[in-house]
1. Checking Q12 against (1) in a helix (DSSP H, G or I); (2) loosely packed, with under 10 Cβ neighbours inside 10 Å; (3) of a type in the set (S, T, N, Q), which single condition isn't satisfied?
2. Can you tell me which residue in the stretch 82-98 is farthest from the chain's Cα centre (by Cα), limited to those that are loosely packed, with under 15 Cβ neighbours inside 10 Å and not β-branched (V, I, T)?
3. Quickly run through the stretch 15-37 and pick out the residues that are under 30 Å from K122 (Cβ atoms) and either over 27 Å from the mean Cα position of the chain (by Cα) or loosely packed, with under 10 Cβ neighbours inside 10 Å (or both).
4. What strands (runs of 3 or more DSSP E), lying completely within the stretch 50-148, carry at least 1 residues that are over 23 Å from D36 (Cα atoms) and among the aliphatic types (A, V, I, L, M)?
5. Return the residue satisfying two criteria in turn: it lies in the stretch 100-121 and is at pLDDT 90 or above and among the hydroxyl-bearing types (S, T, Y), and of such residues it is farthest from A80 (Cα to Cα).
6. Please identify the pairs in which a residue from the stretch 29-42 that is modelled with pLDDT of 90 or more has its Cβ atom under 7 Å from the Cβ atom of a residue that is among the polar types (S, T, N, Q), counting only partners at least 6 apart or on another chain.
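The values are calculated or read from the model by the stated rules, or taken from the named source; none is laboratory data. As the structure is a prediction and not an experimental result, all values here were calculated from the model. FYI the Cβ positions are ideal-geometry reconstructions off the backbone, even for glycines, and counts take in every protein chain you see.
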Amino acid sequence: MIRWFRKWWNDQRGEYLVQFVLLFPVAVVMLGLVIDGGFMYQQYRAAQTTVEAAAQVASHEIDVNYFRATNQVILNRGAATAIAQQFINLNKSKYLTKTNITAQPNRITVWGQAKIPTIFSKIFGVSELTVTVSGQGYPAFGINREGE
């Protein structure tokens, strides 16, 4: 009996099968996380770029009459908000679901929420993740006097 146990204990047949059974699920989960993570990062960057660009475009809408009267640069808040919303409507990714635009005289802030579906994580009950993105634009950049 002892000989049989020693022979069985030292027998290495099937060792790779045991390693495969133990490590294959870990490798599949890691591959799934890489696929989900890469897709989610790509969609997050698309949404982030959209709101940042909308804020930048809207920041160019200055109040010309106020500038001429006071030589101070402020936003034309109504026009800036409309331009930012138009930019988002034309360029938003399909996962950007909510947006909000706040215009102040010296800053415009655009934020949004993107609901990004998962590919692999659905197996574990996570069908989507929500991320918040935001961007700001300032109207004073590059304008020092009328005509610039």
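1. (1)
2. The extreme case among them is Q86.
3. In the first step, residues of the stretch 15-37 are kept if they are under 30 Å from K122 (Cβ atoms); the result is 17-37.
Listed by number, the residues that qualify are L17, V18, Q19, F20, V21, L22, L23, F24, P25, V26.
4. Qualifying strands (runs of 3 or more DSSP E): 96-104, 107-117.
5. Going through the qualifying residues, I end up with T118.
6. Every condition considered, the pairs that remain are D36/T118; D36/S121.
The rows are residues; the columns are (1) over 25 Å from I116 (Cβ atoms); (2) of a type outside the set (V, I, T); (3) out of contact with any Gly (no Cβ under 8 Å at 6 or more places or on another chain).
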residue: I35; (1), (2), (3): no, no, yes
residue: A55; (1), (2), (3): no, yes, no
residue: V64; (1), (2), (3): yes, no, yes
residue: Q72; (1), (2), (3): yes, yes, yes
residue: N76; (1), (2), (3): yes, yes, yes
residue: Q85; (1), (2), (3): no, yes, yes
